[in-house]
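**Student:** If you scroll down you'll find the structure; I have some questions about it.
The values are calculated or read from the model by the stated rules, or taken from the named source; none is laboratory data. The structure displayed is predicted, hence computed values, not measured ones. Backbone-built Cβ (ideal geometry, glycine too); neighbour counts: all protein chains shown. Ligands, DNA and RNA are excluded from the accessible area calculation, which covers all protein heavy atoms including side chains. Shrake-Rupley method; radii C 1.70, N 1.55, O 1.52, S 1.80 Å.
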Amino acid sequence: MRGRGYLAFFVGICLTAWTCYFVMEEQQKLQVYAGFQRDIDRVARDTQTRLQIYADSLHGLKGMYAVNDHIDRGQFQRFVNELKIGKRYPGYQALQFVRAVPEAGLPALVARVRGEGYPDFHVHPASRRPLHYIIEYTEPMAGNENAFGLDLAALPPHLKALELGRDSGEIVATEPITLVQDASGEPGFVARAPVYRNGVLLETTAQRREALVGFVAIVFRVNALMREVIDPALLEHLHVRIEDGGFQNGKAPPSGINTLLYDSDGKVESHQRRAETVPGMKATTVLPVGQRNWIITFEGRAGARYGRSQLPVVLIGIFGVVISALIAALLVTNRREGDARRGLENSLQELEREKSHAERARNDLSRVVATLKQAQTNLQTSEKMASLGALVAGVAHELNTPIGNSLLTATALGDMVRDFEQRLKEDGGMKRSSLEALLADARKACAIMAGSLTRAGDLITSFKQVAVDQASGQRRRFRLDEVLHDTLATYAAQLRRASCSVSVDVPADLVFDSYPGSLSQVLSNLIANALLHGFDGRDSGVLTISARREGDDLVVLQLKDNGVGMNDVVLHKIFDPFFTTKMGHGGSGLGMNIVYNIVTGVLKGTIRVESVPAAGTSVLLVLPLSPAPEAESAQA
């Protein structure tokens with residue numbers, strides 16, 4: 001058995017070594033070359049796309065002349081300014097209009113341009129020939145002053161491209177040139193499109209030559225163009241070289257002519273030292289640009305991007321050795337398999353028993369939680385009923401005075417009427433003064449009864465409104481000051497017994513579309529808390545209630561007392577259910593918990609309590625004038 005284990009280990013090591021070699025030599029090579037191909041495809045595609053965008057802008061400039069072939073300098077300048085080339089086309093050096101001018105028309109051209117505000121304008125280099133190509137417009141002018149007035153007919157590379165564009169009617173690019181306006185000497189090129197007179201035939205070469213007005217042109221610095229295309233970080237791993245391959249239908253440039261347009265090593269974008277190129281990692285692509293061919297050569301550099309990583313091989317080796325060792329150990333310990341299986345079965349049975357116990361414990365805990373929730377619901381209901389009982393007791397106490405006064409006055413009035421009847425029967429008449437005294441007493445009695453019964457009616461109306469709102473929980477429009485007035489009316493007796501004065505500063509224009517019953521419940525609990533806890537041990541107190549609008553749809557409601565206050569421990573637990581400092585003395589521990597649940601759940605507001613021992617307590621409610629319905633809140 002041990003020999004079979006050693007044999008398995010040896011075979012596993014051999015397979016691991018072969019796998020490491022295969023991954024190192026074949027798979028990683030394919031992955032590296034695939035990544036290299038993706039990079040060069042992206043660079044070539046991005047370069048082609050950027051050049052196409054620039055060609056489209058050149059066509060747009062040509063289209064402006066197709067509408068009007070007499071574009072003046074101001075119109076040309078406004079068109080270029082609208083392009084915002086500094087932001088949208090940073091690869092541009094300038095946009096130009098090159099006018100075809102015969103020898104006899106040069107003095108008139110110079111005079112016209114000087115009359116446009118350029119007194120130093122002159123054609124350069126000076127030469128005599130039948131037809132000149134003068135750069136008349138160049139924008140932006142700043143940085144391109146040397147090109148203003150340049151005669152391209154005197155420059156063979158430009159003249160050749162101009163004549164090809166004139167005869168073909170297509171966009172033509174120049175060979176690599178050094179721009180006269182660029183002192184750095186970096187390679188550049190110019191792409192030009194011919195502009196012809198409107199309304200003439202352009203079918204033959206002769207017709208196009210006869211109708212030529214000039215050229216619209218874009219001047220490029222190749223290094224600036226490629227900085228838009230190639231990420232500088234990629235150049236740490238990729239060498240890019242662009243050379244001019246000549247016109248598409250012509251011969252390649254002769255040997256000895258500088259054809260270099262761009263070399264990523266020639267314009268170093270980073271101060272880091274370039275790595276050596278990877279042998280065999282080289283590719284070439286041909287890009288058509290303005291009737292010419294650009295030959296782009298890519299070479300990969302050794303490094304993290306195109307290098308072979310040792311990590312997969314190391315991981316394969318480690319896993320191979322471990323797996324081989326495990327297989328060998330498995331074969332060596334085959335005899336113990338039965339005992340291990342039986343031990344595993346016993347462990348599974350024990351685990352199943354533990355799972356059953358845990359399930360029973362979870363069920364017991366669920367029942368306990370359900371019982372606690374039911375108890376909390378019952379206590380909350382009891383708290384509400386106790387609050388309603390206190391409300392009824394207060395209203396009954398308040399009704400005793402006006403109803404008692406009315407009853408006493410009505411009894412006295414009845415005695416007066418009986419006495420009047422007796423005297424009228426005995427005397428057979430009555431003096432006018434006695435009758436007037438009786439009527440005055442009757443009016444006074446009626447006034448007393450009317451005032452008392454009005455007071456009782458107001459109390460009953462407030463009680464009915466508060467009771468209906470709290471019982472129904474319906475949403476309706478209401479004024480905050482009216483709900484507060486009704487709630488305070490039900491607590492008038494308790495406030496008087498506690499010698500508590502109430503100061504109210506609530507504007508009459510705070511109209512809610514909410515739940516008046518829930519808000520009344522909150523106010524009742526807060527007033528009751530102030531009476532039970534805040535003014536405990538005090539001969540008198542002051543309760544200040546104020547409200548103000550906050551923004552367009554919020555109201556800040558503050559209830560502040562000058563009572564005994566709370567310490568930090570009590571303040572931290574004030575919203576906890578069943579927490580009270582008056583257990584057994586009228587406190588259930590659910591009043592503030594109910595307040596918190598109503599404010600945050602029903603009224604969709606927030607509540608904050610601030611308190612300092614011996615300095616009173618402040619409760620700040622921030623409530624929306626129209627809280628979102630439950631369905632919308634749940635969806636939000």
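**Student:** Between the stretch 38-105 and the stretch 527-559, how many Å separate their Cα centres?
**Tutor:** About 73 Å separates the Cα centre of the stretch 38-105 from the one of the stretch 527-559.
**Student:** Around L179, which amide H atoms from residues at least 5 apart in sequence, or from another chain, sit under 5 Å from its own amide H, with H modelled in the peptide plane?
**Tutor:** G188
**Student:** In nm, to one decimal, how far is the modelled label at R342 from the one at N363, with both set 7 Å along Cα→Cβ?
**Tutor:** 3.4
**Student:** Please name which of L109, G185, V172 has its Cα lying farthest along the dipole of the stretch 71-213 towards the positive end, using unit charges on Cβ (Lys, Arg +1; Asp, Glu -1) and the Cα centre as origin.
**Tutor:** L109
**Student:** What distance in nm lies between label points placed 7 Å from Cα along the C-beta direction at R78 and N198?
**Tutor:** The answer from the label model is 1.6 nm.
**Student:** To continue, here is another question. Strictly greater than 23 Å: what percent of every Cα pair in the stretch 468-622 meets that?
**Tutor:** Values: 4095 of 11935 pairs.
Here the long-distance tail beyond 23 Å is 34 percent of all Cα pairs in the stretch 468-622.
**Student:** Over the stretch 52-172, with every protein chain in place, what whole percent of the accessible area is carbon and sulfur at 1.4 Å, could you tell me?
**Tutor:** Carbon and sulfur atoms account for 57 percent of the accessible area of the stretch 52-172.
**Student:** Something else: At 0.36 nm per residue, minus the direct Cα-Cα distance, what do I403 and K431 gain on full extension? Give it in nm, one decimal, please.
**Tutor:** 6.7 nm is the gain from fully extending I403 to K431.
**Student:** Fully extended, how many nm does the chain gain between R479 and L260 (0.36 nm per residue separation, minus their Cα-Cα distance)? Kindly include the intermediate steps, with their values, before the conclusion.
**Tutor:** Numbers: separation 219, 0.36 × 219 = 78.84 nm, distance 8.37 nm.
Additional length available on full extension: 70.5 nm.
**Student:** Based on the mean of other beta carbon atoms within 10 Å per residue, what is the order of 529-538, 474-483, 275-284, most packed first? Write down the numbers at each step before the final one.
**Tutor:** On the way: 529-538: 19.0, 474-483: 16.5, 275-284: 14.1.
Top of the packing list down: 529-538, 474-483, 275-284.
**Student:** Which of the pairs K84/K282; K62/K160; K62/K87 have their Cα atoms more than 32 Å apart in this structure?
**Tutor:** Working: K84/K282 38 Å; K62/K160 20 Å; K62/K87 22 Å.
Going by Cα-Cα distance, K84/K282 fall outside the 32 Å limit.
**Student:** Can you tell me, using C-alpha contacts under 8 Å and at least 6 residues apart, the relative contact order of the stretch 105-253 as a whole percent? Don't skip to the answer; put the middle values down first.
**Tutor:** Values: 177 pairs, mean separation 21.5, N = 149.
Relative contact order of the stretch 105-253: 14 percent.
**Student:** Also, I was wondering about something else. Which whole-percent values make up P(r) of the stretch 58-110 when all C-alpha to C-alpha distances are grouped in 10 Å steps starting at zero?
**Tutor:** 19, 47, 27, 7, 0
**Student:** Moving on. If all Cα-Cα distances of the stretch 153-294 are sorted into 5 Å bins from 0 onward, what percent lands in each bin, rounded to whole numbers?
**Tutor:** Calculated P(r), rounded to whole percents: 2, 9, 16, 18, 17, 14, 10, 7, 4, 2, 2, 1.
**Student:** Ok, one more. Kindly provide log₁₀ I(q)/I(0) values, in the same order as q = 0.10, 0.24 Å⁻¹, from the Debye equation applied to equal alpha-carbon scatterers of the stretch 92-195.
**Tutor:** The Debye formula, applied to the Cα set alone, gives -0.27, -1.51.
**Student:** Okay, moving on. What fraction of the Cα pairs in the stretch 515-585, stated in percent, has a spacing above 14 angstrom?
**Tutor:** Result for the distance tail: 70 percent.
**Student:** Right, here's the next one. Dividing the Cα radius of gyration by the Kirkwood radius, what Rg/Rh value follows for the stretch 11-156?
**Tutor:** On the way: Rg = 27.0 Å, Rh = 19.7 Å.
Computed over Cα atoms, the ratio is 1.37.
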